[in-house]
Amino acid sequence: MAKACEKKVVRSPKRRSLPLSKRKKGFSPVESGFREEEALQEAQRCLGVRGCESCDLCTLLCPDLCITRDETTGGLLIDLDYCKGCGICAAICPKGAIQMVLEDVG
């Protein structure tokens, strides 16, 4: 059984700015800052939290060779039947895209 590597696209929030007519009347800031929700979204997008960048470090350092790349989609596949759960892939991933999670036995 293989698990696909998911990559989500997060768009940057649209910047708000003063209309041209108000810009000519004074020295007010042209662009306003982000709202709290937009700032958090932009920080997550900018820092690339949990985003696989296809660096292939996990593929190279996996001792069981259970991490491969899908030739058609380019996504990573983790063969959970061969993975022994050593956690090297999760520890070496620079973006934190791989997480070790306990499986539900029940």
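The values are calculated or read from the model by the stated rules, or taken from the named source; none is laboratory data. All values reported here derive from a predicted model rather than from experimental measurement. Cβ placement follows ideal geometry from the backbone for every residue including glycine, while neighbour counts extend to all protein chains displayed.
Residue pairs whose Cβ atoms lie under 6 Å apart, sitting 6 or more positions apart in sequence or on different chains, and linking a residue in the range 73-97 that is assigned to a helix (DSSP H, G or I) and at pLDDT 85 or above to a partner that is crowded, with 16+ Cβ neighbours inside 10 Å and among the β-branched types (Val, Ile, Thr), are CYS89/ILE98; ALA90/ILE98. Residues in the range 28-66 that are over 19 Å from ALA90 (Cβ atoms), at pLDDT 80 or above and either of a type in the set (Phe, Trp, Tyr) or outside any helix (DSSP H, G or I) (or both): ARG35 only.
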